[in-house]
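Enquirer: Provided herewith is a single structure, encoded as structure tokens, for subsequent inquiry.
The values are calculated or read from the model by the stated rules, or taken from the named source; none is laboratory data. As the structure is a prediction and not an experimental result, all values here were calculated from the model. Neighbour counts run over all protein chains shown; Cβ positions are idealised from the backbone, glycine included. For the accessible areas, the whole protein counts, side chains as well, though only heavy atoms, and no ligand, DNA or RNA atoms are used. Shrake-Rupley method; radii C 1.70, N 1.55, O 1.52, S 1.80 Å.
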Amino acid sequence: MPRYEIHGHAIISDNDCITDADGRMPDVLRNEADWQRFQAELDRAALVVLGRGGHAAHPNARHRPRMIVSSQADGVEERADGWWWNPGMASLGEALRKAAPEGGLIAVPGGRRVNDLFLSLGFDAFHLSRKRGVKLPGGVPVFTRAWAMGSAERLLASHGLHPTDPVVLDEAEHVSVTVWVR
């Protein structure tokens, strides 16, 4: 039986947002040190899982194995641009056995709906980078319930995840990452 380890990834603002009010990640939230760490994590993954919007916005230039979460899929389908999975028609286990039959690290860079889905299914770890000093008024939170819980960290804790020590990635830009683990 293959073993899977599911890791979420996000960089967020002070107000827990991953995008601005237009649904785009603004330059003010981007950070080179975080980007390099994130890309290295994706390179280690047996499969990268993201939503249809993220898939459309970010072409798979590195040709990583990819699974797109979409209600427009018929269960689990292999298409030219990756595996497509409709969680309403097939279980996560079924999708992973087809898309990553050998098991391994599953990287989940989101967006919000995909983060919500995997939060309910159970992350093994969530790599939460935060860029201090940045607020995105009207932005999209990393998780739908982040604001209701008071913060993304409180929401992760309420789902049984525990923080490791934060690591400063870029002191000048006030960027750190905390990996929340089960």
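Enquirer: On the given criteria, is His58 out of contact with any strand residue (DSSP E or B) (no Cβ under 6 Å at 6 or more places or on another chain), closer than 21 Å to Leu128 by Cα and not aliphatic (A, V, I, L, M)?
Expert: Judged against the criteria, His58 is a match.
Enquirer: Restricting attention to region 151-163, does a residue exist that is in a strand (DSSP E or B) and either out of contact with any helix residue (DSSP H, G or I) (no Cβ under 7 Å at 6 or more places or on another chain) or over 27 Å from Ala80 (Cβ atoms) (or both)?
Expert: Keep residues of region 151-163 that are in a strand (DSSP E or B), which gives 162-163.
Narrowing the set further to residues that are either out of contact with any helix residue (DSSP H, G or I) (no Cβ under 7 Å at 6 or more places or on another chain) or over 27 Å from Ala80 (Cβ atoms) (or both) leaves 162-163.
Checking region 151-163: at least one residue is in a strand (DSSP E or B) and either out of contact with any helix residue (DSSP H, G or I) (no Cβ under 7 Å at 6 or more places or on another chain) or over 27 Å from Ala80 (Cβ atoms) (or both).
Enquirer: Which of (1) surrounded by 13 or more Cβ atoms within 10 Å (Cβ to Cβ); (2) out of contact with any strand residue (DSSP E or B) (no Cβ under 8 Å at 6 or more places or on another chain) is the odd one out, the single condition Ile68 does not satisfy?
Expert: Here Ile68 meets the rest and fails (2).
Enquirer: Return the pair list, or none, for Cβ contacts closer than 6 Å from residues in region 126-143 that are of a type in the set (A, V, I, L, M, F, W, C) to residues that are surrounded by 23 or more Cβ atoms within 10 Å (Cβ to Cβ) and part of a loop (DSSP other than H, G, I, E, B), at least 6 apart or on different chains.
Expert: Sorted first by the residue in region 126-143, then by its partner, the pairs are Val134/Ser13; Leu136/Ser13; Val142/Asp16.
Enquirer: Sticking with this one: Keeping to region 87-121, report how many residues are open to solvent by 20 Å² or more (accessible area, probe 1.4 Å) and more than 12 Å from the chain's Cα centre (by Cα).
Expert: To start, the set of residues in region 87-121 that are open to solvent by 20 Å² or more (accessible area, probe 1.4 Å) comprises 87-89, 91-94, 97-98, 101-102, 104-105, 109, 111-113, 116-117, 120-121.
This time we only want the ones that are more than 12 Å from the chain's Cα centre (by Cα), so: 87-89, 91-94, 97-98, 101-102, 104-105, 120-121.
Adding up the residues that qualify gives 15.
Enquirer: How many of the residues in region 152-182 are in contact (Cβ under 8 Å) with a residue 12 or more places away in the chain, closer than 14 Å to Arg30 by Cα and open to solvent by 60 Å² or more (accessible area, probe 1.4 Å)?
Expert: Residues flagged as in contact (Cβ under 8 Å) with a residue 12 or more places away in the chain, closer than 14 Å to Arg30 by Cα and open to solvent by 60 Å² or more (accessible area, probe 1.4 Å) within region 152-182 amount to 2.
Enquirer: Of all residues in region 81-121, how many are among the polar types (S, T, N, Q) and assigned to a helix (DSSP H, G or I)? Full working, then the answer.
Expert: Kept after step one, since they are among the polar types (S, T, N, Q), are these residues of region 81-121: 86, 91, 115, 120.
Checking the rest, the ones that are also assigned to a helix (DSSP H, G or I) come to 115, 120.
Number of matching residues: 2.
Enquirer: What are the pairs with Cβ atoms under 8 angstrom where one residue, in region 57-71, is at pLDDT 95 or above and the other, located anywhere, is in a strand (DSSP E or B) and of a type in the set (Gly, Ala, Ser)? Sequence gap at least six, or different chains.
Expert: Pro65/Gly82; Arg66/Gly82; Met67/Gly82; Ile68/Gly51; Ile68/Gly82; Val69/Gly51; Ser70/Gly51
Enquirer: Then there's this: Could you please let me know if Gly133 is surrounded by fewer than 18 Cβ atoms within 10 Å (Cβ to Cβ), modelled with pLDDT of 95 or more and either acidic (Asp, Glu) or not in a helix (DSSP H, G or I) (or both)?
Expert: Details: surrounded by fewer than 18 Cβ atoms within 10 Å (Cβ to Cβ): yes; modelled with pLDDT of 95 or more: yes; either acidic (Asp, Glu) or not in a helix (DSSP H, G or I) (or both): yes.
Yes, satisfied.
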